[in-house]
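Colleague: What follows is a single structure, and I will ask about it in a moment.
The values are calculated or read from the model by the stated rules, or taken from the named source; none is laboratory data. Since we're looking at a predicted model, the values are computed, not measured. Every residue, glycine as well, gets a Cβ built from its backbone with ideal geometry; the counts of neighbours run over all protein chains shown. Surface areas here come from the heavy atoms of the whole protein model, side chains and all, with no ligands, DNA or RNA. Shrake-Rupley method; radii C 1.70, N 1.55, O 1.52, S 1.80 Å.
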Amino acid sequence: QADVVESGGGLVQPGGSLRLPCTAPGRISSVYFMAWARQAPGKQRDLVASINNIGITYYADFVKGRFTISRDAAKKSVYLDMNSLNPEDTALYYCHITGPGESYWGQGIQVTVSS
């Protein structure tokens with residue numbers, strides 16, 4: 001399950017932007033659902049945004065208007081564009097991808113928003 005490839009995390013100042021790309025394992029036959037979740041220290045993991053195989057998106061209230069999720073079906077990849085970041089967005093971000101009878105989570109990538 002560690003074959004989900006996440007990238008793009010790091011340290012950014014408040015008000016800044018980051019893009020988180022994620023690619024599904026090569027062995028997955030087709031992708032149904034792609035999402036990003038996050039978990040801050042001492043808190044539960046929360047769904048941030050998702051997109052399904054027909055492009056319907058979902059956003060948590062705490063990121064609406066700031067984050068955008070998109071996908072490249074041919075590359076089996078999903079992207080999370082994060083703008084107007086604030087310190088409360090600091091967390092470990094996880095990519096989640098599902099296919100027919102399959103579910104994969106990435107290992108998580110750190111996003112830190114700090115001046």
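Colleague: For residue 28, which of the numbered conditions (1) open to solvent by 60 Å² or more (accessible area, probe 1.4 Å); (2) in contact (Cβ under 8 Å) with a residue 60 or more places away in the chain fails to hold?
Modeller: Just one mismatch for residue 28, condition (1).
Colleague: If a residue must be outside any strand (DSSP E or B), over 16 Å from the mean Cα position of the chain (by Cα), within 27 Å of residue 29 (Cβ to Cβ) and touching a residue at least 24 places away in the same chain (Cβ under 8 Å), how many such residues does segment 91-115 contain?
Modeller: Total meeting the criteria: 1.
Colleague: Output the number of residues of segment 1-25 satisfying the condition of being more than 17 Å from residue 97 (Cβ to Cβ) and either within 12 Å of the chain's Cα centre (by Cα) or open to solvent by less than 30 Å² (accessible area, probe 1.4 Å) (or both).
Modeller: Looking only at that region, the number is 6.
Colleague: When the residues of segment 32-45 are narrowed to those that are part of a strand (DSSP E or B) and either in contact with a Leu (Cβ under 9 Å, 6 or more places away or on another chain) or not hydrophobic (A, V, I, L, M, F, W, C) (or both), which ends up surrounded by the most Cβ atoms within 10 Å (Cβ to Cβ)?
Modeller: Residue satisfying both the conditions and the ranking: 36.
Colleague: Out of everything in segment 46-90 that is outside any strand (DSSP E or B) and polar (S, T, N, Q), what residue ends up being surrounded by the most Cβ atoms within 10 Å (Cβ to Cβ)?
Modeller: 90
Colleague: For segment 91-104, which residues satisfy the criterion of being crowded, with 17+ Cβ neighbours inside 10 Å and in contact with a Phe, Trp or Tyr (Cβ under 8 Å, 6 or more places away or on another chain)?
Modeller: Scanning segment 91-104 gives 93, 94, 95, 96, 97, 98, 99.
Colleague: Would you be able to tell me the number of residues in segment 13-29 that are farther than 12 Å from residue 68 by Cα and of a type in the set (A, V, I, L, M)?
Modeller: 2
Colleague: Can you name every residue in segment 20-59 that is modelled with pLDDT under 95 and touching a Gly at 6+ places or on another chain (Cβ under 7 Å)?
Modeller: Once the filter is applied, which keeps residues that are modelled with pLDDT under 95 and touching a Gly at 6+ places or on another chain (Cβ under 7 Å), segment 20-59 yields 28, 29, 30, 31, 32.
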